[in-house]
Each structure stands twice: as C-alpha cells, then as structure tokens.
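*Asks:* First the structure, which I've put down as structure tokens, then a few questions once you've had a look.
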Amino acid sequence: MDTKTKEEMESQQYRFAGSHSAVKVCGWTKNMIRGRGGCYKLKFYGIMSHQCLQMTTCLSCANRCLFCWRGHKEPVAKEWQGDVDEPDLILTRSIEAHIKLLQGFGGNENADKKVLEQSQTVRHVALSLTGEPLIYPKLNEFLALCNKQNISTFMVTNGQYPKHLADMDQVTQLYISLDGPNEEVWKKIDVPLFKDSWDRMLQSLDLMSTRKDRTCIRITLLKDMNMIEPEGYAKLIERGSPDFVEVKGYMFVGASRQILDKSNMPYHEDVVEFTKDLIQYLDDYEIVSEHIPSRVILLAKKKFKINNKWMSWIDFKKWHNLVNSDKDFSTEDYLLPTPETGLSGKGTKDKIEKDECELD
Ligand code: SF4
C-alpha cells in the first residue's frame, strides 16, 4: 500500500497493527459507550459492542464489492503478498491501538463511566473490517490466541478462498457474504478478481454446510440491484445450510458513496418485505428478530427454537470452556435465550435523513 493511501486511511481513523493488519473503532462501540445502545449483534447474539475490537488480519481483498465502505485505492490481490506478522504482535498491537482510539472518551461527559471502564477489556474480535482476513497464513494461531485470552471470534469471508476455509479452525461464528441470487447478479455486485469466482463461492457454501461452527449467511440488499429472485437466494442458502441468515439493507457509507446512490439503500420496510418473500422458500427457517437502525432481519434454523423459545444468544463462558478443551462440541452446546424477538411493525421511512454509522 502506498504512503498516500495509508495516510488517507489513518485520517479516517484506521490504525495499523504491523504490516498487513488494521483496526478501526466501530460506530456501535462508540454508541454503546455513549449509552445509545449496541449493534445488531448484541440484539441477535449477545456481543457486547463496547468490548468489541473491529479489525482485519489482511488489508487486501479479491473482490471490489460496490457497497463496500473501503476506499477504492486499498489493495486488491488474489493471494497473500509480503511479510507475515506474528499473531501475538497483531493481537497485542490491535488491542493497544483500539484502546488508544477510545482514549478521547475519558473526558467526554456523555460517556457512561462503567461501560467505558469495561470497554478497556476486549472480549470479542470482529474479523471483518476491510480486506479478507481469512488468507492470513497464521490465522489458526491467531484464533488460538484469542481463545486463550477468552476473546470470541466472528469471521466474515467473501467466499473466495474455499481451501483456506477448509483449513480454518473453529471460530465462534462464521459468515459468508452472499450478495446475489445467481452468478450474474452476484458478479455485478461483488466484482470479483478470480476467473472461477462463482465456483469458489459455491465450494465455500458446500464447505459451510459441513462446518461445526455457528454459521451465518449475510445478504446485503441494494435497492434496484439485487432485491430479486428470492428463490435463487433460498437455493444458495440451502446449499450452505447456515444456522442463521442475516438479511441486511445496504448502508450509504464510506467509499461506496462514490459508486452508489442513497436511493440504493432500502428502507427497513423493504428489507422486511423481501425477507418475507424469501422465507416462503425456506422450510427450515423462521424470522427471529430485527434491528431497525441497521435495517437487518435475523432468520434462524428452527432447531434454535427450543421449548418455543428462540436461543440465538451465545453462552460465552461455555464457548470458551469448550473451545479451550479437547472436547468435541457443536453449536447447540453454547446457547442462551434471545431476549427480544419478533418484528415490531415499525419502519425507517420517517427517519431516513440521519443514518446511524454502521460499519459491520
Ligand atoms: S464491529 Fe460488528 S460486532 Fe463489533 S460492535 Fe461493531 S457492529 Fe457490533
């Protein structure tokens, strides 16, 4: 990456941790410290947004998704290039940079003092900031380090590296981003570098269906672009057989504003309508919950409804005990009840002018 791009990223509050990793404080981490509520992953899974470190172990990506907030000068590459930093260095420096970025809240009278104090201890890593974290060659060592430090891990991949996915150890929750109901639409939205990109995506979905982690497919909906053919999405979802599906509206943020228009951002009502169409083709799933500020709906496999109660939250204590033991375990072994479920019937049409900053 050239110095100018690096400087631009730093001016956008990115911080580098070694030669190929970066950190940026998520808008929801800040919201939580200000007492304005947490992200949708708090509502859906129990992630404490104020104790979340948003980062990547690899800045470059093999896709140039239209809706991505990352700058279009940021590196693109098909394979790993350059040095390989040690996992310990990446995690230590990332946490240091994250805590330093939060320092400004010390003198902020709107900050909740107790929450701010808790935010100094990172309990979760969202490997999704920018780039493709999956291709970092020492990823499994990095994950083991997180496990040892009782830090849970959510990993988001673009589905372009099935071999890396096959070699990856268990994470707390694995995501594949799926942004089209068929090859043609998906390629238009994700603009992949690989010639066999669709094949790679299908292979990744096949692998997802065999994984022991909690798994999730995330669909980013763009109005007038990929909100079509729910049956096509359903077939791909069935192929990946994830535990969860998140159907989420595109957010008009970052560099995507240079390519897309604000009108490509669906209202929450639009996301609800599309999800209702989609669920008709998915016998194994039901709608669990929604998060209106992020315009996202959660679907889960019916097996997560136990005794008529949704169980999509993570029992982190159990997760850490299990992952740090030699025991073989499954997603059902670390569940907690979902505190708030259902669709409220409320929408976003009247408050579209000022959007929350949603980075993940
Ligand atoms: S990075 Fe993701 S999980 Fe972490 S606080 Fe932000 S939205 Fe929530």
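The values are calculated or read from the model by the stated rules, or taken from the named source; none is laboratory data. Small disclaimer: the values here were computed from a predicted structure and weren't measured. No Cβ is skipped: glycine too gets one built from the backbone with ideal geometry, and neighbour counts run over all protein chains shown.
*Asks:* Got a number for residues in segment 271-306 being assigned to a strand (DSSP E or B) and of a type in the set (D, E, K, R)? So that I can check it myself, show each step before the final result.
*Replies:* If we filter segment 271-306 for residues that are assigned to a strand (DSSP E or B), which is where we start, we get 285-291, 296-301, 305-306.
Those left that are additionally of a type in the set (D, E, K, R): 286, 290, 301, 305.
The total comes to 4.
*Asks:* Restricting attention to segment 216-244, which residues are over 20 Å from residue 63 (Cβ atoms) and within 19 Å of the chain's Cα centre (by Cα)?
*Replies:* Result: 241, 243, 244.
*Asks:* Among (1) within 17 Å of residue 39 (Cα to Cα); (2) surrounded by 11 or more Cβ atoms within 10 Å (Cβ to Cβ); (3) more than 16 Å from the ligand (Cβ to nearest atom); (4) modelled with pLDDT under 95, there is one condition residue 352 misses while meeting the rest; what is its number?
*Replies:* (1)
*Asks:* Mind counting the residues in segment 35-48 that are among the basic types (Lys, Arg), more than 9 Å from the ligand (Cβ to nearest atom) and at pLDDT 95 or above?
*Replies:* Residues flagged as among the basic types (Lys, Arg), more than 9 Å from the ligand (Cβ to nearest atom) and at pLDDT 95 or above within segment 35-48 amount to 1.
This table checks each residue for (1) in contact with a Gly (Cβ under 9 Å, 6 or more places away or on another chain); (2) assigned to a helix (DSSP H, G or I); (3) farther than 24 Å from residue 222 by Cα.
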position	(1), (2), (3)
137	no, no, yes
140	no, yes, yes
144	no, yes, yes
156	no, no, no
164	no, yes, yes
175	no, no, no
181	yes, no, no
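*Asks:* At pLDDT below 95 and farther than 19 Å from residue 167 by Cβ: which single residue out of 91, 129 fits that description?
*Replies:* The conditions single out 129.
*Asks:* Separate question: Can you name the residue in segment 1-26 that is buried (at least 19 other Cβ atoms within 10 Å of the Cβ) and either near the ligand (Cβ under 8 Å from one of its atoms) or farther than 21 Å from residue 117 by Cα (or both) and, of all such residues, is modelled with the lowest pLDDT?
*Replies:* Initial filter on segment 1-26 (buried (at least 19 other Cβ atoms within 10 Å of the Cβ)): 9, 14-15, 17, 20-26.
Of the ones still in play, those that are also either near the ligand (Cβ under 8 Å from one of its atoms) or farther than 21 Å from residue 117 by Cα (or both) are 9, 14-15, 17, 20-22, 26.
Numbers: 9: 88, 14: 92, 15: 95, 17: 96, 20: 94, 21: 95, 22: 94, 26: 94.
Result: 9.
*Asks:* For the subset of segment 274-325 comprising residues that are among the β-branched types (Val, Ile, Thr) and in contact with a strand residue (DSSP E or B) (Cβ under 8 Å, 6 or more places away or on another chain), which member is nearest to residue 251 (Cα to Cα)? Walk me through it before giving the result.
*Replies:* If we filter segment 274-325 for residues that are among the β-branched types (Val, Ile, Thr), which is where we start, we get 275, 279, 287-288, 292, 296-297, 306, 314, 323.
Retained after the next criterion (residues that are in contact with a strand residue (DSSP E or B) (Cβ under 8 Å, 6 or more places away or on another chain)): 275, 279, 287-288, 296-297, 306, 314.
Details: 275: 17, 279: 23, 287: 22, 288: 22, 296: 11, 297: 14, 306: 33, 314: 26 Å.
Step by step, filter segment 274-325, then rank; the result is 296.
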